[in-house]
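Each remark here refers to the structure printed beneath this line.
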Amino acid sequence: MAFVQIRAAKEGDCGDILRLIRLLAGHTPRSSLCVFIPPISVALRADGFGENPFYHCLVAEILPAPGERQGPSIVGYGLYYFIYSTWKGRNVYLEDVYVMPEYRGQGIGSKIIKKVAEVALDQGCSQFRLAVLEWNKRAIDLYKALGAQDLTQVEGWHAFCFEGEAMRKLGGK
Amino acid sequence: MAFVQIRAAKEGDCGDILRLIRKLAEYEKLSDQVKISEEALRADGFGENPFYHCLVAEILPAPGERQGPSIVGYGLYYFIYSTWKGRNVYLEDVYVMPEYRGQGIGSKIIKKVAEVALDQGCSQFRLAVLEWNKRAIDLYKALGAQDLTQVEGWHAFCFEGEAMRKLGGK
């Protein structure tokens, strides 16, 4: 039986990570008017493996059992970065967590999330934040089962965003 | 008449910034959640690898006025990452003391953060606001922001305290 390990991503994993990012984006329509395709130009290698990385990433890798011939395969990932709360100090933010549909139901997503929490606690973080779409019942149930609170529901927080022309106008560009 | 300048915070501003952080928490009716110290703000913002960046709004006295400069607002932000868009900026806090509102100081801070972020190659500017904070919501929408919770259904989730320690096996 194949074995799943959760490990830190290496630069050579970026092709696989981009493949999974696209699968996650395809699973997440942003509006009824379009299906969002992430830009190919997102510089995953430079941004994650340069001198001052903008993110950190864990991958879930299937290692074949002894005697099996198929090579390792990356079937999930968790991409996170460190943020700052003026109330609590250093926190971690899980930007993406994704497991390919055929590998779900085995606790791989939970393993990724737990590993991010472990790394974050070792780094002195006191909060672990993430966002989820309100229709994503499976994810919501998982996060709540793991002990998360829905701050939008409990405290009324709304996520706002400036982008494109609105952001350029704001910044005087 | 006094003049307001928006400038990058210096380490010596941390006492003022903490004062304003506490006032913002009080305004958001979440005062008991402020656990951070001035020492942590200094170390976290002015060490070798800062975890945040900060702008302050400073009132400079007019020529002839004797009162010294006074920090009346701040904007604290950091850089984040979108797997769809790359580098983004997140405005964690923006606050202006009540007696200095209505003069466009908050807008100036937000615009300065956007300018800095665009110079750094960011393509999105994200922030969070409490649903009852109509004044802030109106300001952000007037400046061109979208409410992604309303439009796309995003919810902010959080693990902390015992739940986070249990999750991380500690």
What is the residue count in region B:67-88 for residues that are assigned to a loop (DSSP other than H, G, I, E, B) and under 30 Å from A:Ala43 (Cβ atoms)? 3
For region B:114-130, indicate whether the set of residues that are surrounded by fewer than 22 Cβ atoms within 10 Å (Cβ to Cβ), within 7 Å of another protein chain (Cβ to nearest Cβ), among the polar types (S, T, N, Q) and under 18 Å from the mean Cα position of the chain (by Cα) is non-empty. yes
Can you say whether B:Gly64 is facing chain A (nearest Cβ under 9 Å) and either surrounded by 14 or more Cβ atoms within 10 Å (Cβ to Cβ) or not in a helix (DSSP H, G or I) (or both), as far as the supplied structure shows? no
Residue list for region A:12-37, filter: at pLDDT 85 or above, within 9 Å of chain B (Cβ to nearest Cβ) and touching a helix residue (DSSP H, G or I) at 6+ places or on another chain (Cβ under 9 Å): A:Ile17, A:Leu18, A:Ile21
Residues that are hydroxyl-bearing (Ser, Thr, Tyr) and touching a residue at least 40 places away in the same chain (Cβ under 8 Å): find the strands (runs of 3 or more DSSP E) completely inside region A:89-173 holding 3 or more of those. none
State whether the residues of region B:94-104 include one that is hydroxyl-bearing (Ser, Thr, Tyr), within 15 Å of B:Ile17 (Cβ to Cβ) and at the interface with chain A (Cβ under 9 Å from one of its Cβ atoms). no
Just to be sure I understand, how many residues within region B:1-45 are assigned to a loop (DSSP other than H, G, I, E, B), surrounded by fewer than 17 Cβ atoms within 10 Å (Cβ to Cβ) and hydrophobic (A, V, I, L, M, F, W, C)? 3
From B:Ala57, B:Ala40, B:Ala62, B:Ala9, grab the single residue that is closer than 20 Å to B:Gly104 by Cα, at pLDDT below 95 and in contact with a strand residue (DSSP E or B) (Cβ under 8 Å, 6 or more places away or on another chain). B:Ala62
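The values are calculated or read from the model by the stated rules, or taken from the named source; none is laboratory data. It should be emphasised that the depicted structure is a prediction, and the values quoted were computed from it without experimental measurement. Positions of Cβ are backbone-derived with ideal geometry, glycine not excepted, and every protein chain shown enters the neighbour counts.
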